[in-house]
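Encoded as structure tokens, the structure appears first; notes follow it.
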């Protein structure tokens, strides 16, 4: 199948697209395109309806780009088009990240941790020691006394598991602690992780 360059004005965003794209994701798409260019073609039908690549379309449109590389399917039934869209979104979700390889790759990047889709602080935590990671994560969400002068007379942090309302009722300074969690992956492997209260990123331990 050949890649065809098409005008974005000729393409139509799929109203049945099952994937919702947040502003954050579109921003990361834009960062990726700016850094590497368009790395994969969009998939469209003979009428320019996007079957795969709606998020990329949104990013390119926001960037003011006029053209994009596309695969054109002109022999699919309406049912096959819907199935292609469903499969494109679901099959990707079935993959499991190889955390050891990710750590190896991140270590190889050294200090250059500007990677679209990742928070550089999260990448730093991947290669940090357990003590460094614990210290860094528990610092997220704390309110420093200097930023809350009216509370400097009692700079006490909220207890682990205590709600912000409970802490405020006692005059304490609340922050969101990082909670460790354990869950089973689809392959039955136990995965231990924490959810960063600063950015919501899932950080595997």
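Being exposed (fewer than 11 other Cβ atoms within 10 Å of the Cβ) and in contact (Cβ under 8 Å) with a residue 12 or more places away in the chain is true for just one of 69, 74, 88. Which residue is that?
Details: 69 fails: exposed (fewer than 11 other Cβ atoms within 10 Å of the Cβ); 88 fails: exposed (fewer than 11 other Cβ atoms within 10 Å of the Cβ).
Only one candidate qualifies: 74.
Return only the number of the condition from (1) in contact with a helix residue (DSSP H, G or I) (Cβ under 7 Å, 6 or more places away or on another chain); (2) in a helix (DSSP H, G or I) that residue 89 does not satisfy.
(1)
Residues are listed down the side, and each one gets a yes or a no for (1) under 15 Å from residue 12 (Cα atoms); (2) assigned by TED's automatic domain parsing to the domain that holds residue 19:
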{"position": "70", "(1), (2)": "yes, yes"}
{"position": "79", "(1), (2)": "no, yes"}
{"position": "89", "(1), (2)": "no, yes"}
{"position": "103", "(1), (2)": "no, no"}
{"position": "108", "(1), (2)": "no, no"}
{"position": "111", "(1), (2)": "no, no"}
{"position": "118", "(1), (2)": "no, no"}
{"position": "121", "(1), (2)": "no, no"}
{"position": "124", "(1), (2)": "no, no"}
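Please go through segment 26-43 and pick out each residue that is surrounded by 15 or more Cβ atoms within 10 Å (Cβ to Cβ), closer than 12 Å to residue 57 by Cα and out of contact with any strand residue (DSSP E or B) (no Cβ under 6 Å at 6 or more places or on another chain).
26, 29, 30, 33
Here's the yes/no breakdown for (1) closer than 21 Å to residue 34 by Cβ; (2) surrounded by fewer than 16 Cβ atoms within 10 Å (Cβ to Cβ); (3) modelled with pLDDT of 65 or more:
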| residue | (1), (2), (3) |
| --- | --- |
| 101 | no, yes, yes |
| 113 | yes, no, yes |
| 116 | yes, yes, yes |
| 139 | no, yes, no |
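Hey, among the residues in segment 1-60 that are assigned to a strand (DSSP E or B) and under 14 Å from residue 88 (Cα atoms), which one's farthest from the chain's Cα centre (by Cα)? First the steps, then the outcome.
Residues of segment 1-60 that are assigned to a strand (DSSP E or B), as a first pass: 4-7, 12, 42-45, 49-52.
Of the ones still in play, those that are also under 14 Å from residue 88 (Cα atoms) are 42-44, 50-52.
Working: 42: 20, 43: 22, 44: 25, 50: 22, 51: 22, 52: 18 Å.
So, considering only residues that are assigned to a strand (DSSP E or B) and under 14 Å from residue 88 (Cα atoms), the one farthest from the chain's Cα centre (by Cα) is 44.
Please give the number of the condition residue 80 fails out of (1) within 23 Å of the chain's Cα centre (by Cα); (2) part of a helix (DSSP H, G or I).
(1)
The values are calculated or read from the model by the stated rules, or taken from the named source; none is laboratory data. These figures come from a predicted structure and were not determined experimentally. With ideal geometry, Cβ positions are generated from the backbone for all residues, glycine too; neighbour counts draw on all protein chains shown.
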